[in-house]
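Structure first, then comments.
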Amino acid sequence: MGSLCADVIVLSIQAKVLQTLQHGHCADVEFDELCFEFGLELDEITSEKEIISREQGDSKASGASDVILYKIDVPANRYDLLCLEGLVRGLQVFRNKLEAPRYRRVSPVSGGPQRLIITPEPSSVRPHAVAAVLRNITFTQERYDSFIELQEKLHQNICRKRSLVAIGTHDLDTISGPFTYTAKAPGDICFKPLNQSQEYTASQLMSLYKTDSHLRHYLHIIEDKPVYPVIYDSNGVVLSMPPIINGDHSKITLKTKNVFIECTATDVTKARIVLDMMVTMFSEYCSQPFTVEEAEVVYPDGKTCTYPELAYRKEKLSSAFINQKVGINESTEKLAQLLTRMCLRSQPTGVGDEIEVEIPPTRSDVIHACDIMEDAAMAYGFNNITRTTPRTYTVANQFPLNKLTELLRQDLAAAGFTEALNFALCSQDDIADKLGKKISETKAVHISNPKTAEFQVARTTLLAGLLKTIAANRKMPLPLKLFEISDVVLQDPTKDVGARNSRRFCAVYYNRSPGFEVIHGLLDRTMQLLEVKPGRGEGYHIQASDDSTFFPGRCAEIFVHGKSVGRLGVLHPDVINRFELTLPCSALEMDIEPFLGHTAETLLTHDVPMQEVITHKFPTSQAPPSRP
């Protein structure tokens, strides 16, 4: 079993099975150290009974297994370590108890290879497919469980919950090739799905699986498509309807001897990697270990590709590069030995300090020389690397803008306002229509192909997020006084990415009366904290202004050192209604980046010495009460 995290996958493996496959007993402490040396982490030693007892109570744990489980954290990009077979193989090679196997693609003993013919119809849904055969494989219950678990881990990891790749495994002796990968209307697909007792059309299956705790998460991938992908054998038997479910007719069992593996995909590169992982991890159980029978895939244009690729590639790098980056001083021969322990067969080329490294099909995570260097460091042992002081070092300080932001946050909270944090992405309506503006006026950065209407653009104002926060908290006691200091994103053709961040401060006051005087008082308090005096010229002042977001005659523009930095006022009733609010609301929003400098010449610049901000202590103790 295994669970997924953002950067690691947690594998749960029976300790006795792991030790049996390693051909010897290994104490828990020794195994913990071995995992660390190999770049893994033994997260916990537990049991099924202990896990259930901890999560559901002792009553639910009665009858659960007491077998010791190792829970191991595996990096999410090490697909070759996502099953027991790959993990044990990697550890044995690392301990020099086993030589890394060499995987081979072979032709069938008799007849031609199995063929998977792709018709033009799936091109708009899942255009790619790859296939292979594991011939004369022997399953036990443990091997079968591991085979199924690896599929699920790959589905949740590199396959991105089947959206990029979906794996189908079938008992080849129950079906006959050539196989056809096509797409049909949901009503035209009818078969008995895996572990069901009757036939269903594809439309009926989509309804059936809406309540399935496992499969309902994948329905959205194809449910809105006019046609669904489906794979048939030469007799019209349905193998699978990817990426949802396999057919019951070709399901594999413990008695299965020949396995046909197909992967349909929207990303053919990911499909090749997934197929290579499936066959390399379990080809050791074939009658000819580490051999995989090839299969042909015929594309609509007539092009034929043979899979699996099982491609080995060679990279060359210098031992000086590794030594310099890792901080060690080892010979070329020693570094080649270290890399070989990481399943990267290596040898000196004889040309200077050059090393030739062979990347096997199981190591798709090795992309650059830095990846090879990292494996060399791991095999050398991180604890064995001598700690040295860098020749040059610096003392870090907080970024001036963030320092100013933190100081403001503390004192605004002391003024009686509650801080809110909102998403940086929002809908177009939030920053345009609801605020009485046109989207073309907002300089918004648009998200390409947004997944939901709630995340169409990067916000250009903090006001919309605070109003949505108030709408979600209308039942809270009045008044609601909220503020947020965060970034907005604005289009800027002068930047290399076409956009820039701008740090804003926004506050809202929601009550039975508009409370303009409260917001005005907060502005005065903020300027006092920033040591900007009232008045024109070198100080700050407000000036009547018109803005469609605010009530006519109740809006003012804020000027600091003669430059506009924001607005405050009473919100327009239409704006209040569009955010489903029922009471008046006053708001203030302004740019705080100009306050990094203290004179008009330094406005709108980030290049302010850190000490200027550090010495700029807000006079909280001498300030008058913050209540306006």
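A few comments on the model shown:
- In region 502-523, the count of residues that are in the same structural domain as Gly539 (by TED's automatic domain parsing), among the basic types (Lys, Arg), outside any helix (DSSP H, G or I) and farther than 21 Å from Thr442 by Cα is one or more.
- Residues located in region 307-329, provided they are hydrophobic (A, V, I, L, M, F, W, C), surrounded by fewer than 16 Cβ atoms within 10 Å (Cβ to Cβ) and more than 31 Å from the chain's Cα centre (by Cα): Ala320
- A count restricted to region 379-405 and to residues that are closer than 30 Å to Leu530 by Cα, surrounded by 10 or more Cβ atoms within 10 Å (Cβ to Cβ) and not β-branched (Val, Ile, Thr) stands at 8.
- Filter result (β-branched (Val, Ile, Thr) and surrounded by fewer than 19 Cβ atoms within 10 Å (Cβ to Cβ)) within region 581-596: Thr582
- Qualifying positions in region 166-175 - touching an Asp or Glu at 6+ places or on another chain (Cβ under 7 Å) and in a strand (DSSP E or B): Gly168
- Looking only at region 491-513, and only at residues there that are of a type in the set (A, V, I, L, M, F, W, C) and over 17 Å from Asn402 (Cβ atoms), the one that is surrounded by the most Cβ atoms within 10 Å (Cβ to Cβ): Ala507
- Filter result for Arg126 (at pLDDT below 95 and of a type outside the set (A, V, I, L, M)): yes
- Against the list (1) over 30 Å from Gly39 (Cβ atoms); (2) in contact with a Gly (Cβ under 6 Å, 6 or more places away or on another chain), the condition Lys153 fails is (1).
- Criterion: within 30 Å of the chain's Cα centre (by Cα) and touching a residue at least 60 places away in the same chain (Cβ under 8 Å) - qualifying residue of Phe147, Phe139, Phe179: Phe147
- Residue match in region 272-280 (condition: polar (S, T, N, Q) and over 30 Å from the mean Cα position of the chain (by Cα)): no
- Checklist (1) of a type outside the set (S, T, N, Q); (2) assigned to a helix (DSSP H, G or I); (3) touching a Pro at 6+ places or on another chain (Cβ under 6 Å) applied to Ala183, failing item: (2)
- Scanning region 524-555 for residues that are of a type in the set (Lys, Arg), in contact (Cβ under 8 Å) with a residue 24 or more places away in the chain and in a loop (DSSP other than H, G, I, E, B) yields a count of 1.
- Boolean, Val74 is farther than 29 Å from Val268 by Cβ, crowded, with 18+ Cβ neighbours inside 10 Å and at pLDDT 85 or above: no
- Screening the candidates Pro122, Pro186, Pro178 for the property of being out of contact with any helix residue (DSSP H, G or I) (no Cβ under 9 Å at 6 or more places or on another chain), assigned by TED's automatic domain parsing to the domain that holds Asp301 and under 19 Å from His220 (Cβ atoms) yields one hit, Pro122.
- Of all residue pairs spaced 6 or more apart or on separate chains, those with beta-carbon atoms under 6 Å, a first member in region 228-253 that is of a type in the set (D, E, K, R) and a second member that is not in a strand (DSSP E or B) are Asp233/Ile175; Asp233/Ser176; Asp248/Lys192; Asp248/Leu194; Lys251/Leu194.
- Arg459 being crowded, with 19+ Cβ neighbours inside 10 Å, within 40 Å of the chain's Cα centre (by Cα) and free of Cβ contacts under 8 Å to residues at least 40 places away in the same chain: yes
- From Glu419, Glu356, residue being of a type in the set (D, E, K, R), surrounded by fewer than 16 Cβ atoms within 10 Å (Cβ to Cβ) and in contact (Cβ under 8 Å) with a residue 24 or more places away in the chain: Glu419
- Region 331-360 - residue that is charged (D, E, K, R) and in a strand (DSSP E or B) and, of those, nearest to the chain's Cα centre (by Cα): Glu358
- Boolean, Val565 is buried (at least 20 other Cβ atoms within 10 Å of the Cβ), modelled with pLDDT under 95 and touching a Phe, Trp or Tyr at 6+ places or on another chain (Cβ under 6 Å): no
- For region 435-449, the set of residues classified as closer than 21 Å to Leu466 by Cα, in a loop (DSSP other than H, G, I, E, B) and either not assigned by TED's automatic domain parsing to the domain that holds Asp574 or not polar (S, T, N, Q) (or both) consists of Gly436, Lys437, Lys438, Lys443, Ala444, Val445, listed by residue number.
- Any hit, region 556-566, residues being assigned by TED's automatic domain parsing to the domain that holds Ala464 and outside any strand (DSSP E or B): yes
- Considering region 361-376, the residues that are part of a helix (DSSP H, G or I) and buried (at least 20 other Cβ atoms within 10 Å of the Cβ) include one that is farthest from the chain's Cα centre (by Cα), namely Ala376.
- Single residue of Ser250, Ser234 found to be among the hydroxyl-bearing types (Ser, Thr, Tyr), over 27 Å from the mean Cα position of the chain (by Cα), assigned by TED's automatic domain parsing to the domain that holds Ile148 and surrounded by 19 or more Cβ atoms within 10 Å (Cβ to Cβ): Ser250
- Within region 458-494, tally of residues that are assigned to a strand (DSSP E or B) and under 21 Å from Pro514 (Cβ atoms): 5
- Just one residue in the set Asp492, Asp487 is under 14 Å from Asp591 (Cα atoms) and of a type outside the set (Lys, Arg); that residue is Asp487.
- Residue count for region 125-163, restricted to those that are surrounded by fewer than 19 Cβ atoms within 10 Å (Cβ to Cβ), hydrophobic (A, V, I, L, M, F, W, C) and outside any helix (DSSP H, G or I): 1
- Scanning region 570-595 for residues that are closer than 30 Å to Leu530 by Cβ and hydroxyl-bearing (Ser, Thr, Tyr) turns up just one, Ser586.
The values are calculated or read from the model by the stated rules, or taken from the named source; none is laboratory data. Since the structure is predicted, the reported quantities are computational estimates derived from the model, not experimental observations. Please note: Cβ atoms are built from the backbone with ideal geometry, for glycine as well, and neighbour counts cover all protein chains shown.
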